[in-house]
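Input: a single structure, listed below in structure tokens.
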Amino acid sequence: MDEHTQIIFYTYPSCTSCRKTKAWLKKHNIPFGERHLFRETPTVEELRHILSLTTEGVDEILATRSQTFKRLNQDVNDLSFSEMIRLLHKEPKLLRRPIITDGKKLVVGYNPSALRNISQKKRTSVGCELMPAKLYDNKLKAGSNACALKPAFLMSNTGLAGFEPAHDGVKVRCLTAWL
């Protein structure tokens, strides 16, 4: 996953923590890609990457209270890393839910403070176009998808919030992206 990839949200719709997490992400306007944990099971490589982001290893993502775990006829502590990955891929109900990752950080379960941490990405200008502005009662008349900024602030990495309108007759159309 590269730095331009959005958050991936592995979910199961009937899971209460998953519904809470999804509502939190939407409420805070955080872009995410949603993957049904059982229909779009993480690949072996994705599981390896998820495990590389844990602080507690397999214990962090293993659903030890699940019926699937309780029905296992083997001690997971006796499994090698590769065997564990294959088991999690084959039996995704062994995974705790939800799992949220941006490729660099991981959140397992509904955890608003961790979600705030993973979603604190800066909006930055990725392209701007100068165009004549129309003044209306000494204010710039901005259209949809347009913002009025002083040219000196065009490439700021803090996004568009807090910028003063340009009063020099120039309107700037800015594209922003989560980075």
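The values are calculated or read from the model by the stated rules, or taken from the named source; none is laboratory data. If you're wondering where the values come from, they're calculated on a predicted model, not measured in any experiment. We place every Cβ from the backbone using ideal geometry, glycine too, and count neighbours over all the protein chains shown.
Under the condition of being touching a Ser or Thr at 6+ places or on another chain (Cβ under 9 Å) and either among the hydroxyl-bearing types (Ser, Thr, Tyr) or surrounded by 15 or more Cβ atoms within 10 Å (Cβ to Cβ) (or both), the residues counted in segment 50-85 number 5. Looking across segment 11-35 at every residue that is touching a Ser or Thr at 6+ places or on another chain (Cβ under 7 Å) and under 16 Å from Pro112 (Cα atoms), the one that is surrounded by the most Cβ atoms within 10 Å (Cβ to Cβ) is identified as Cys18.
For Phe38, state whether it is farther than 19 Å from Ile118 by Cβ, touching a residue at least 24 places away in the same chain (Cβ under 8 Å), part of a loop (DSSP other than H, G, I, E, B) and out of contact with any His (no Cβ under 6 Å at 6 or more places or on another chain). Answer is yes for this residue.
Consider Arg116 carefully, then state whether it is closer than 24 Å to Tyr12 by Cβ and either surrounded by fewer than 11 Cβ atoms within 10 Å (Cβ to Cβ) or at pLDDT 95 or above (or both). When the stated conditions are applied, Arg116 does not pass them. Within segment 92-113, restricting attention to residues that are closer than 18 Å to Pro13 by Cα and of a type in the set (A, V, I, L, M, F, W, C), the residue that is surrounded by the most Cβ atoms within 10 Å (Cβ to Cβ) is Ile100. Take Phe163 and tell me if it is in contact with a helix residue (DSSP H, G or I) (Cβ under 6 Å, 6 or more places away or on another chain) and at pLDDT below 50. It is true that Phe163 is in contact with a helix residue (DSSP H, G or I) (Cβ under 6 Å, 6 or more places away or on another chain) and at pLDDT below 50.
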